[in-house]
Amino acid sequence: MRIRAGYDIVYECPQPTPMLLCLSVHPSRRADLLTPHEIRTDPPIDVHPYRDGFGNDCSRIVAPPGRTSIRTLFEVEDPGTPDPVLPDLPQHAVEDLPDEVVVYLLGSRYCETDRLSDTAWSLFGGAPLGWGRVQAICDYVHDRIRFGYADARSTRTAADALEERVGVCRDFAHLAVAFCRCMNIPARYCTGYLGDIGVPLSPDPMDFSAWFQVYLGGDWRTFDARHNRPRIGRILMAYGRDATDVPIATTFGPCTLAGFTVITDEVTG
């Protein structure tokens, strides 16, 4: 399966504004690219690539005063199969986890394990260890939160989402990640492309998507509390502890988002 993906994001800045961009395809998907993946800007400015501490490919720019468009368009080969479902995967004892995985058990900016631990154990302490426990968490979060773009708020944490019962895909992911960590299951937040492939077309504008991965059976496994069903055509851009680590842009100065378009389509014909 060929998938065409990309974006055109426009910022207005009153002065030169440094930015960190987390907008590149993750290194794990680079081998699947069928066309070059290049970040272009209008007006043309220097785009400095770097790799962050989580292994994500990121970029640094200084946006000039006025409007700056940041864009890319590429095609990627995808197996066209749904997310794997592996219900027999075991959960690791904490003492047996690899050192590099342990950080994904800890609380973070949007995933307050200290506030949610008692709730998590009361809700999921009786669920089967491993895959079954993560699926129980997804089921609960999926049913608990009502999705709505109008309910997006950049300051909403996992505990807030649990209480307010509204949010967008990042809120579903944050709450599920926090609950998993409370249950001693390493979990990390993921961001990337997820088009309407294999499902009915959504009338909402296309956006980037958030999901999460857990460490079970010696590897990272994909879960999605918002959709709560295996999906086709995920294209990972980045992962981290939560959305703090992988925002599409971190700006160091005043600026306004003036345009935002995301494309994720299956190439047919």
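Figures for the structure shown
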read-out	value
Number of the exception - Pro230 against (1) over 24 Å from Leu105 (Cα atoms); (2) crowded, with 24+ Cβ neighbours inside 10 Å	(2)
Qualifying residue in the range 109-126 (condition: out of contact with any helix residue (DSSP H, G or I) (no Cβ under 6 Å at 6 or more places or on another chain), surrounded by 18 or more Cβ atoms within 10 Å (Cβ to Cβ), of a type in the set (Ser, Thr, Tyr) and not in a helix (DSSP H, G or I))	no
Scope the range 232-256; condition more than 17 Å from His26 (Cα to Cα), part of a strand (DSSP E or B) and in contact with an Asp or Glu (Cβ under 8 Å, 6 or more places away or on another chain); matching residues	Thr256
Any pair with Cβ under 8 angstrom, 6 or more apart, that starts in the range 44-73 at a residue that is farther than 15 Å from Pro14 by Cα and ends at one that is assigned to a loop (DSSP other than H, G, I, E, B) and acidic (Asp, Glu)	Asp52/Asp245; Phe54/Asp245; Cys58/Asp52; Ile61/Asp46; Thr72/Glu38
Residue match in the range 23-30 (condition: more than 24 Å from Ile232 (Cβ to Cβ) and out of contact with any helix residue (DSSP H, G or I) (no Cβ under 6 Å at 6 or more places or on another chain))	no
Selection within the range 177-231 - basic (Lys, Arg), under 18 Å from Val103 (Cα atoms) and not in a helix (DSSP H, G or I)	Arg188, Arg221
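Conditions (1) among the hydroxyl-bearing types (Ser, Thr, Tyr); (2) in contact with a Phe, Trp or Tyr (Cβ under 7 Å, 6 or more places away or on another chain); (3) without any contact (Cβ under 8 Å) to a residue 60 or more places away in the chain; (4) closer than 29 Å to Glu77 by Cβ, marked per residue:
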{"residue": "Ala161", "(1), (2), (3), (4)": "no, no, yes, no"}
{"residue": "Ile197", "(1), (2), (3), (4)": "no, no, no, yes"}
{"residue": "Asp204", "(1), (2), (3), (4)": "no, yes, yes, yes"}
{"residue": "Phe212", "(1), (2), (3), (4)": "no, yes, yes, yes"}
{"residue": "Gly217", "(1), (2), (3), (4)": "no, no, no, yes"}
{"residue": "Asn228", "(1), (2), (3), (4)": "no, no, no, yes"}
{"residue": "Leu236", "(1), (2), (3), (4)": "no, no, no, yes"}
{"residue": "Ala243", "(1), (2), (3), (4)": "no, yes, no, yes"}
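All of the numbers you see were taken from the coordinates with simple rules; none came from a lab. Quick caveat, the model's predicted, so the values are computed rather than measured. Neighbour counts run over all protein chains shown; Cβ positions are idealised from the backbone, glycine included.
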